[in-house]
Structure formats: structure tokens, C-alpha cells
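**Q** Below is one structure. I have some questions about it.
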Amino acid sequence: MEKIYELIESITPENFNAEQYLQFMLVLVVGVILIGLLGHFIFGKRSTLNHAVSSAIAILCIYVVNVVVYSTGVKLDIILSPLPFVSIQGDYLVLFNILGAEFKDICVHVLDMVILAFLMNLLDSWLPKGEKLFSWYFFRFLSVVLAICLQYVVNLLLSVIVPAGFAEIAPTILLIVLLAALALGALKLLVGGALAFVNPLLAILYTFFFSNIVGKQLSKAILTTLLLTALVCLMNYLGIGVIYIATAALAAYLPLLIIVLVLWYVVGHLL
């Protein structure tokens, strides 16, 4: 580990924090693998949990891709800026401080992430799975790119439809409504489970009438958002608030991109 730390320091500028970078990569790899294995052995292959984790990694991958491209000198502010939890200031990516922010500001970012995760999970369920390596990555990237485009359209429509005076409290209200819908879905799941013990036929009828693709994707979107929000909170806790993304730091982000791509395939396809 000491040699890796020295290698990163030798190829990155002085204002790049190699220690925080290694901490983040270690936590990311260990956390994703543990959750992926948990989902695989407890809930089965390609479980809802692992789909949610895969979606979280997919969104994280888009952040990393943007950082890598930005570090090459290509300015993608128009793509990276609308993404939740981050903003660009010069050659730095500023992470949203959840631990010290106001509740209404947190709701804005979390709701944006829920919308993005919901659209991506919905598109992912419609697109082909892709059994080969290339086809799998192609359709998964396609789902993320389309989701980002649709998120932009949704946010544009909301800005037009929602009255100006209502705009500040709208994210909080919408987020509460989504959480209430998720809670209702969990209640329906418990009811369905109870009916299965009483009468399997009733359970089948209940599942047919109350299970739908929107509810399933919303549940996965909330779980994906919780995972990414927890990751942001962890980075806040580790003191990672400003990330240097100038060209001089490019060499450090290429290994991170490779790691994220591998984790995405392992959890999303193999597990």
C-alpha cells in the first residue's frame, strides 16, 4: 500500500490528496463487493438489491467518465453540472456537503438523483440485457445516457409547470410523496407475504393487481439514491469536499475508471 501511495504521489500534482483518494477507492471496492455478495447469496442472482447497486455504480461511472474527460482538457460543464451532488468551480469538482446543508437543499439534490435513478432503472428494464461483454456495456451505457437526457427534459418541464413561488418547497413535497409511495409499496409487499401463508391463490391475485413496473423501478430508484447519498455522506465524513480535476491529475483517475467499470460488470452481470 505504501508503494502504491508513493506511485500516485509521483504522478500527480502537489495539491492532489493521494491518501484520501486511496481511502475512497478502498471503501468503494470493499463496500460494493460486500453488498453485491450479500445480495447474491441472500436474494439470488441479479436480485433487486444488486440491480440497485449496479445502478448506483452506473451513475457513479458517469461522474468518473466526466471527470476523466474533463481532466483531458475537454470542458463538459454542460453535462457534469446538472448531475446531483456536484458543481464545478474552475479546475475543482465541489462535492455537495450533505452533513452541513439545509434540509430543503438536500431534498433538491436527492430528488434529482431519484428521478435520474428511476429513469435509468426503467430504461434498463426495457433494453436488452446483453449477454456478451461488449453488448452488456453498450446497453448499460445507453440506458444511463438516455436517462440523463430524459432527466434534463423532466427538469425543464418541472421548471415550466411548477409555479415560481412553489418551486422552493416543491422538491421537499415531491420527495416526501415518493417516500410515502415507497412505504406503501413495502406495506403491500408485507400484505402479499402474509396472504401467501393464508392462501396462495389470494397472494397470486394480490401480486397481479398491485405489482407494477413503475412501483418496482421506484423502489430500486430509492435504494439506488440511498446508496449514492450514503457514499456522498461518507466522502463528506472523510473530508473529501473538493476534487482536483485538472489535466495534471488525469493519471490518477484512469485506474478509478477501470475499477468502477469492473465493479459495474461484476455486480450488474455476474452477481
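**Q** Sort 90-97, 58-65, 121-128 for me by packing, meaning the mean count of neighbouring Cβ atoms within 10 Å per residue, highest on top.
**A** 58-65, 121-128, 90-97
**Q** Relative to the present Cα-Cα distance, how much length would full extension add between Glu19 and Lys216 at 0.36 nm per residue of separation?
**A** 67.0 nm
**Q** Mind ordering 98-104, 249-255 by average Cβ neighbours within 10 Å, highest first?
**A** Those peptides, ordered most packed to least, come out 249-255, 98-104.
**Q** Taking the simple approach of a point 7 Å from Cα along Cα-to-Cβ for both Leu37 and Lys132, what is their distance in nm?
**A** 3.2
**Q** Let me ask something else about it. Only Cα pairs under 8 Å and at least 6 apart count here; give the relative contact order of segment 32-126 as a rounded whole percent.
**A** Over segment 32-126, the number comes to 18 percent.
Read-outs: derived from the displayed coordinates by stated rules, not from any lab. This structure is a prediction, so every number in the text was calculated from the model and none was measured. FYI the Cβ positions are ideal-geometry reconstructions off the backbone, even for glycines, and counts take in every protein chain you see.
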